[in-house]
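Only one structure is covered here, and it is reproduced in the block below.
Bear in mind that the values in this text are calculations on the coordinates, not laboratory data. This structure is a prediction, so every number in the text was calculated from the model and none was measured. So basically every Cβ, Gly included, is an ideal-geometry build from the backbone, and we count neighbours across all protein chains shown.
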Amino acid sequence: MAEKRSSTGKVTTLHGYIVTSSVDAGRIEEISLPALDNNFVLVTTRDIPGTNRVRVLDASTPLLTSSTISYYQQPILALFGYDTESVQLKSKEINISYQLPSREEPAPQQEVKPFSYQFGNLESATKEEGLEVLERTYRYSGSNYESNTLSRISVVLEDDILHITTPTQWPSHVRETVSDVTGIPKRRIVIHREPFFAPHDEMLITPSTMCAIASVACLKGNCPVEILLNAESFRPDLTIKRKTWYFKDGRVQAESILVAVDQGSVSMFSDEMANQLIAGLVPLYPLISLSISITFNTSRRRPAHFFGDLGYSDALCSTETHYSALAKLSGYNPLTWRLKFASESSTHSQVIRSDKYAKLKELIATVSDSSDFQRKNAAYEMQAQMRVKLSTFFNYSRGVALACGAGISGFSSECRSLPQQPVQITLKPNNKVEVNTSFYTIGSSAEIWRQIISEELQVAKSDISFVEEQKEMLDSGPSVLSANSGRMPQQIQKACNQIKEKRFVQPLPICESVLSPKQPGMKGSMFLSNSWVATVLELEIDSVTLRPLVRRVWCAVSLSRVFEEQSLRSKIRHTIVTTLREAGALLSHSDTFTIEITIKDEGQQISSSITSALKGVITSAFVSALEQALGFPVGKIPVDGNTLLGALRGNV
């Protein structure tokens with residue numbers, strides 16, 4: 001990272017405001033501007049010296065639009081002035097008239113080839129006699145997340161060098177976008193990274209767009225520029241239709257899964273999203289045949305792709321919820337069915353090469369015993385089957401559920417579109433070590449990197465430094481899918497091992513670069529997992545608000561190595577709480593409400609991340625417990641009051 005710059009004088013800084021569309025479709029007929037003096041700088045498509053596109057791998061979207069509107073609040077122009085109040089007041093005088101499309105005119109569709117994954121012969125597998133069928137649809141509706149903190153983006157041109165200060169999950173993408181839009185070579189653009197918190201990947205693409213607009217304003221006004229950003233992230237709309245053929249004794253024969261993904265106005269990262277979805281859709285339970293078809297659609301919504309992960313948690317949630325329902329239909333409770341049928345199979349190992357299933361069954365037994373799952377499940381099932389239902393207003397509508405899954409992190413082995421995402425480690429004289437990566441070097445993840453280097457190379461943590469000069473920094477790719485704690489430690493460990501082989505043999509300095517790892521032991525699998533998650537959740541329907549109130553949560557995780565157990569526990573607890581709230585749950589305020597966390601670690605390997613899997617199994621346990629409490633299926637997440645009222649009235 002380049003040397004920290006002092007803030008520019010406020011009097012000479014231009015403050016920006018982005019004017020966006022007030023409709024979600026149509027064409028711009030006329031833009032009526034107020035009289036603007038020298039105190040204002042206007043940025044429109046005509047002022048862009050380079051290309052008016054923001055490229056993301058193989059896809060692209062307009063930076064500003066002057067004609068066609070593709071989605072609501074699409075950026076049209078930007079107004080800059082010397083104080084924020086006057087800019088906002090002046091922007092209200094800008095009038096934009098639109099030609100709206102006719103009602104019959106369909107939304108433009110972007111052609112994206114459907115993705116498929118098949119195993120066995122579905123037609124012959126479903127012809128056997130004695131098969132029962134379970135059909136259900138799960139919908140994860142597109143919601144948005146807006147950061148509750150304002151982030152500052154500033155751009156200043158000094159000595160032909162464009163200095164950009166911004167929070168970002170992908171520094172190299174900011175530089176490439178600004179270079180494309182302004183025509184300035186990348187070597188003359190320096191990114192000063194600011195700290196951020198982006199639980200839903202809201203700092204992945206938006207900072208690149210804002211920095212590009214601010215850079216154009218900086219060049220046109222020949223003045224430092226500042227924009228305040230309230231970053232947003234949008235969840236793709238996901239519909240999963242599952243049809244499963246099974247025998248009355250609980251054995252699963254075959255399954256057909258149809259998935260429709262609405263990614264908004266432009267489809268991005270669709271290849272990798274298909275891989276992540278497949279990893280979550282393939283069950284842990286053996287099948288004779290499986291067919292998955294994934295279709296990506298576009299609509300008049302904001303672009304939606306990364307939202308904390310890339311679809312794995314939602315897909316895993318649908319799988320675990322579906323098989324909990326199947327277990328009950330075949331006469332088992334979800335615990336005994338899983339203990340009987342969860343086993344290693346070529347179906348699952350082709351997508352995730354996971355840890356031993358004995359560890360998973362041990363975790364399931366642990367959370368079951370801690371929560372007294374067998375007794376509670378039997379009691380709540382008996383109550384749900386009563387002919388005369390107990391009144392909801394007496395808090396008797398209760399449910400308990402179990403779910404489990406494998407933890408994965410990083411991009412799949414099939415991902416071809418991303419750059420190599422390298423990290424470089426150099427061993428210098430006097431046991432000094434330098435690390436070169438574009439990832440942020442603060443926080444608990446960087447502490448784990450230091451610990452690995454210290455142990456592997458036998459150096460003091462104080463002798464480990466990170467490359468600060470931005471021009472020499474390697475592009476380690478986007479900081480998504482738990483790369484900081486999943487992929488990066490593996491690359492660092494591999495680099496250290498390569499240095500150890502040459503140490504005391506070759507002269508110092510010894511420099512080793514490791515690209516995004518082809519993880520050992522994958523052997524044709526898309527992901528490698530050495531972590532398991534199992535959870536039990538108990539809830540009731542609140543008699544006043546008629547909303548699901550979570551009473552207790554039990555969570556057990558199996559990992560290879562734990563570096564900081566206390567920070568891991570905090571991370572697990574935070575993930576559980578935020579996931580439940582986003583799913584529409586209330587958390588009990590009573591003294592009995594607890595989240596019990598059991599951590600089992602064996603071995604010295606770097607563990608795959610459990611964050612996405614934890615989100616998936618927690619949401620699944622919440623949905624299954626809610627279905628038991630209501631006595632009706634719940635097919636939509638997040639859950640709202642209409643969903644519950646409809647279920648209580650039997651209108652599902």
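Structural remarks
- Note on residue 370 and residue 547: with the Förster distance fixed at 25 Å, the Cβ-Cβ geometry gives a FRET efficiency of about 0.45.
- The residues packed around residue 229, meaning those with a beta-carbon under 13 Å from its beta-carbon, carry a net charge of -4 if Lys and Arg are +1 and Asp and Glu are -1.
- Modelled label positions at residue 100 and residue 463, each set 7 Å beyond Cα in the direction of Cβ, lie 7.1 nm from each other.
- For residue 26, the residues whose amide H sits under 5 Å from its own are 69, ignoring neighbours fewer than 5 places away on the same chain, with H placed 1.01 Å from N.
- Residue-span extension gain [residue 258 to residue 442] - 0.36 nm each, minus C-alpha spacing: 62.0 nm
- Neighbourhood net charge (10 Å Cβ-Cβ; Lys/Arg +1, Asp/Glu -1) for residue 612: -1
- Shown in residue order for the stretch 153-158 are the 3J(HN,Hα) couplings computed by the Karplus curve 6.51 cos²θ - 1.76 cosθ + 1.60 at θ = phi - 60°: 10, 10, 9, 9, 9, 9 Hz (x for Gly and Pro).
- Cα-based helix-to-principal-axis angle, 206-221 vs the chain, degrees rounded to 10: 10
- Crossing angle, helix 444-457 versus the chain [Cα axis fit, 0-90 degrees, rounded to tens]: 90
- Using the average count of surrounding beta-carbon atoms within 10 Å as a protection proxy, the listed peptides 50-62, 162-174, 124-136 rank, highest first, as 162-174, 50-62, 124-136.
- The chain: relative contact order in percent, alpha carbon pairs under 8 Å with at least 6 residues between: 14
- When the charge dipole of the stretch 159-252 is built from unit charges on Cβ atoms (+1 for Lys and Arg, -1 for Asp and Glu) and taken about the Cα centre, the candidate among 212, 247, 198 whose Cα reaches farthest toward its positive end is 247.
- Dipole magnitude (debye, nearest 20) for the chain, charges at Cβ of Lys, Arg, Asp, Glu: 1020
- Here's how it looks for residue 636: its modeled amide H is under 5 Å from those of 139, which are all 5 or more places away or on a different chain.
- For residue 82, residues with placed amide H under 5 Å, excluding near neighbours: 15
- 3J(HN,Hα) along the stretch 624-641: 5, 5, 5, 4, 5, 5, 7, x, 9, x, 10, x, 9, 10, x, 7, 10, x Hz, from the Karplus curve 6.51 cos²θ - 1.76 cosθ + 1.60 with θ = phi - 60°, whole Hz, x for Gly and Pro.
- Approximating the spin labels as points 7 Å out from Cα along Cα→Cβ, the residue 228-to-residue 29 distance works out to 3.5 nm.
- Förster radius 35 Å - calculated FRET efficiency between residue 45 and residue 415 (Cβ-Cβ, nearest 0.05): 0.60
- Theoretical FRET efficiency, 1/(1+(r/R0)^6), r = Cβ-Cβ of residue 508 and residue 451, R0 30 Å, to 0.05: 0.85
- Three-way shape call for the chain based on the alpha-carbon gyration tensor, with the a/c threshold at 1.5: oblate
- ³J(HN,Hα), Karplus 6.51/-1.76/1.60, whole Hz, each residue of the stretch 44-61, x for Gly, Pro: 10, 4, 5, 8, 7, x, x, 8, 8, 9, 10, 8, 10, 6, 8, 9, 7, 9
- Between helix 171-182 and the chain: long-axis angle, C-alpha atoms, 0 to 90°, nearest 10: 50
- If only the Cβ of Lys and Arg carry +1 and only the Cβ of Asp and Glu carry -1, the dipole of the stretch 423-514 around its Cα centre is close to 200 debye.
- When only the Cβ of Lys, Arg, Asp and Glu is charged (+1, +1, -1, -1), the dipole of the stretch 150-309 relative to its Cα centre reaches about 460 debye.
- Positive-pole candidate from 168, 554, 91, dipole of the chain, charges at beta carbon: 554
- Placing dummy labels 7 Å off each Cα toward the beta-carbon, the span from residue 121 to residue 187 is 6.3 nm.
- Applying both filters, DSSP loop and at most 15 other Cβ atoms within 10 Å, to the GluC sites (Glu not before Pro) of the stretch 467-514 gives 468, 469.
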